[in-house]
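S.K.: Quick one: the structure is below, and I'll ask about it shortly.
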């Protein structure tokens, strides 16, 4: 089994990114990750997931916003179906290779895949999925891993796993329930139906659905708005909101007070400088 991603302290090479079909660019406080397999609608691979995890581990400290998008006119059609068949090819890690393994080995490997998704929820950053065209299966779950989803008005979302006899296992179930509620999340997953951009915006799945030719303009406006507040204020706010649903009111109020005390100290330091 190939594990091409670099350790956390070793920068990814251009060759590793190319093998994972990813482009990764950092411009000041913004990082852009592009899934780069337009010829197969940016179908995903385990190598891609491992490399995404490595990007997260190596993200520069001064990055505030991470953008994830697909090359061409599709965000991602999900897992490369060829990798559901044994013997994907020399050096290519296949999901089908997990089948003969023990339950624990399967779970451990999936945990490594999931690491490519979970870091996008880190409170130190705000992550944005820019969805054009299809976000299917693993593509839908990658979008759900981001804090915000900005969609073209012709975008389509689908949790396809149940139609294949599988379950969503790339960290998408929790954010889906958080965005649309349990009944709607169950219906979307169990029926494996398509959810159009207009419905996605109406039920709170996406932040906004805009004409495809205005997607970059809408992204620019959002980036400008996110860049205005002090970085630590955004990080503290995200941390408060991320865990709010699982906390009682007393705990949440205490965390708000503690966070505000830290903000007052930072403001005082800035004013005194």
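Every read-out reported here was derived from the displayed coordinates using simple, explicitly stated rules and does not represent laboratory data. Model, not experiment: these values are computed from the prediction. FYI the Cβ positions are ideal-geometry reconstructions off the backbone, even for glycines, and counts take in every protein chain you see.
S.K.: Arrange the peptides 137-143, 247-253, 125-131 so that the one whose residues have, on average, the most other Cβ atoms within 10 Å appears first.
M.R.: Numbers: 137-143: 28.9, 247-253: 10.9, 125-131: 25.1.
Highest to lowest by the protection proxy: 137-143, 125-131, 247-253.
S.K.: Quick one: which of 221-231, 262-272, 147-157 comes out on top by average Cβ neighbours within 10 Å, and what's the full order, highest first? Show your work: numbers first, answer last.
M.R.: Details: 221-231: 13.5, 262-272: 10.3, 147-157: 22.5.
The most tightly packed comes first, giving 147-157, 221-231, 262-272.
S.K.: Kindly put 217, 236, 256 in sequence by how many other C-beta atoms sit within 10 Å of each C-beta, fewest to most.
M.R.: On the way: 217 11, 236 20, 256 14.
Ascending Cβ contact count within 10 Å gives the list 217, 256, 236.
S.K.: For region 183-242 and region 13-70, what is the separation of their Cα centres, given in Å?
M.R.: 20
S.K.: Let me ask something else about it. Using a Gaussian network model on the chain with a 10 Å cutoff between Cα atoms, which of 34, 13, 74 fluctuates the most?
M.R.: 13
S.K.: Let me ask something additional. With springs connecting C-alpha atoms under 10 Å apart, model the chain as a Gaussian network and identify which of 114, 44, 104 has the largest mean-square fluctuation.
M.R.: Among 114, 44, 104, the largest GNM mean-square fluctuation belongs to 104.
S.K.: Also, I was wondering about something else. Mind pulling the angle between the C-alpha long axis of helix 103-118 and the longest principal axis of the chain? Nearest 10 degrees, somewhere in 0 to 90.
M.R.: Orientation of helix 103-118: about 50 degrees from the principal axis.
S.K.: Most exposed first by the Cβ proxy, i.e. fewest other Cβ within 10 Å, how do 162, 94 rank? Please list the in-between numbers first.
M.R.: On the way: 162 14, 94 20.
Taking fewest neighbouring Cβ atoms as first place, the list is 162, 94.
S.K.: GNM, the chain, Cα, under 10 Å: largest mean-square fluctuation among 168, 60, 183?
M.R.: Top of the fluctuation ranking is 183.
S.K.: To continue, here is another question. How would 161, 92 line up from fewest to most surrounding beta-carbon atoms within 10 angstrom? Could you put the intermediate results ahead of the total?
M.R.: Details: 161 22, 92 18.
Ascending Cβ contact count within 10 Å gives the list 92, 161.
S.K.: How far apart, in nm, are the 7 Å Cα→Cβ label points at residue 118 and residue 242?
M.R.: Here the modelled spin labels are 1.1 nm apart.
S.K.: Still on this structure, I have one more. Determine which residues of region 163-189 fall in the zone a paramagnetic label at residue 255 would reach in this model, i.e. backbone nitrogen under 16 Å from the point 7 Å along Cα→Cβ.
M.R.: Label zone hits: 175, 178.
S.K.: Between residue 18 and residue 154, 0.36 nm times their residue separation minus their Cα-Cα distance comes to what? Before the final figure, lay out the partial values.
M.R.: On the way: separation 136, 0.36 × 136 = 48.96 nm, distance 2.87 nm.
Answer, rounded to one decimal: 46.1 nm.
S.K.: Next question. Between residue 32 and residue 61, what is the label-point separation in nm under the 7 Å Cα-to-beta-carbon projection?
M.R.: Modelled inter-label distance: 2.7 nm.
S.K.: Hey, another quick one. Classify region 109-160 as rounded, prolate or oblate, taking a ≥ b ≥ c as the square roots of the eigenvalues of its Cα gyration tensor: rounded when a/c is under 1.5, otherwise prolate if a/b is larger than b/c and oblate if not. Display every interim value, and only then the final one.
M.R.: Numbers: a/c = 3.73, a/b = 1.31, b/c = 2.84.
Oblate shape, in that a/c is at least 1.5 and b/c is the bigger or equal ratio.
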